[in-house]
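This report concerns only the one structure given below.
The values are calculated or read from the model by the stated rules, or taken from the named source; none is laboratory data. This is a predicted model, so every value here is computed, not measured. Positions of Cβ are backbone-derived with ideal geometry, glycine not excepted, and every protein chain shown enters the neighbour counts.
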Amino acid sequence: MTVHDVARTLPGIPALHDLCRSLSMAEAIVNPGGEGRHHIFNRSWSQTEELASMRNGSGDEFDIVFSAAGAYVRGFAHESPLSPYHQRDDYEPWPGVVDAVPAAFQRYVHEPLFTDEDGTPVVTVCLWRHAVADRWETGDIDFPEGHPDPDGTTGLFGLLTRPEPEAFKTFAEDYYETAVSLEALRHIYDLRPLDQAVIAMLSPLAPVTDVVQDALAIGYPISPALRTGPRTD
C-alpha cells in the first residue's frame, strides 16, 4: 500500500473529521491517564483550524489539519525508505511527497509542529483535499522497488482506511491488553452523546470528570446529564 491507495480509500472530509473525533474519544476513555495514548483531537488548534494527531510511541506519527480550505494530511514512518533521514546528506523530503502541495496548504509543509529542529519537514506521506473537491490528491512519487509499504501508510492509516469500530477494538485490545466493549464503540463511532453508561462500559474506573474534559477538548457531543455533573452514587 502507498499514499495513492490511501487517497482512493480515505473517507471524505466530514466523515474523516467525525472518525478522528471518535478515535480520540474512544481512546481517551480506554486510556484515561493519557500516557501512551495514540490518538488526540484538538478542536482548538487555532481559531480557524482543528488538528487530529497520532503518535505510536515508536517514531511513527500523522497529523491532519481541518480548516475552511479543506484537509491536509502528513505522516511519518521512521523506518520508511522515504524518510528524509534515510537517503541523502541534505535531509530533504523524498521527491514528489510535498512538491505538489497547493498554496492553500503549503504553509503546513513547514509548520514547526511538523518539522524538526532544523526546519526539515518530517514526512514520508502527504495528501490533501480541498473543501469543494471530490477526491484526495497526492504528489507524483517514484517509489523505491522491493518495499511492500514504502511510505509507511499501512501502519499509519489502518484505522482511517478501516473506519469501523471493530478495527479500533482489535487495536485497543492488542495495545492495551484489555477487553473493549464493541457496543460502546459503536455508540462512539455513531457520535451519539457520551453518557456515564458508555464510559463505564469501556473503562469502569475512568474518572468521569476527566473524560468529560477530554470530550470538550475533542468537540465530542455530551449528554445533558454529564454537562450538569456525573452521578456519584
Seminar exercise, completed: Among helices (runs of 4 or more DSSP H) entirely inside the range 183-233, those with 1 or more residues being touching an Asp or Glu at 6+ places or on another chain (Cβ under 9 Å) and without any contact (Cβ under 8 Å) to a residue 40 or more places away in the chain are 196-202, 224-227
Exercise. Looking at GLU145, GLU166, which is the one that is of a type in the set (Asp, Glu) and modelled with pLDDT of 95 or more?
Worked result: GLU166
Seminar exercise, completed: Listed by first then second residue, the pairs whose first member lies in the range 28-54 and is closer than 16 Å to ARG74 by Cα and of a type in the set (Val, Ile, Thr), whose partner is surrounded by 16 or more Cβ atoms within 10 Å (Cβ to Cβ) and at pLDDT 95 or above, with beta carbons under 7 Å and at least 6 positions apart or on separate chains, are ILE40/SER24; ILE40/SER53
Exercise. Taking the range 154-175 on its own, how many of its residues are within 14 Å of ARG37 (Cα to Cα) and within 18 Å of the chain's Cα centre (by Cα)?
Worked result: 4
Exercise. Just checking, how many residues over the range 18-37 are crowded, with 24+ Cβ neighbours inside 10 Å and either within 16 Å of GLU61 (Cα to Cα) or among the acidic types (Asp, Glu) (or both)?
Worked result: 4
Problem set entry | Check on LEU19, in contact (Cβ under 8 Å) with a residue 40 or more places away in the chain and in contact with a strand residue (DSSP E or B) (Cβ under 8 Å, 6 or more places away or on another chain) | no
For this session: Evaluate the range 201-224: report whether one residue or more is within 17 Å of the chain's Cα centre (by Cα), hydrophobic (A, V, I, L, M, F, W, C), modelled with pLDDT of 95 or more and surrounded by 17 or more Cβ atoms within 10 Å (Cβ to Cβ).
Result: yes
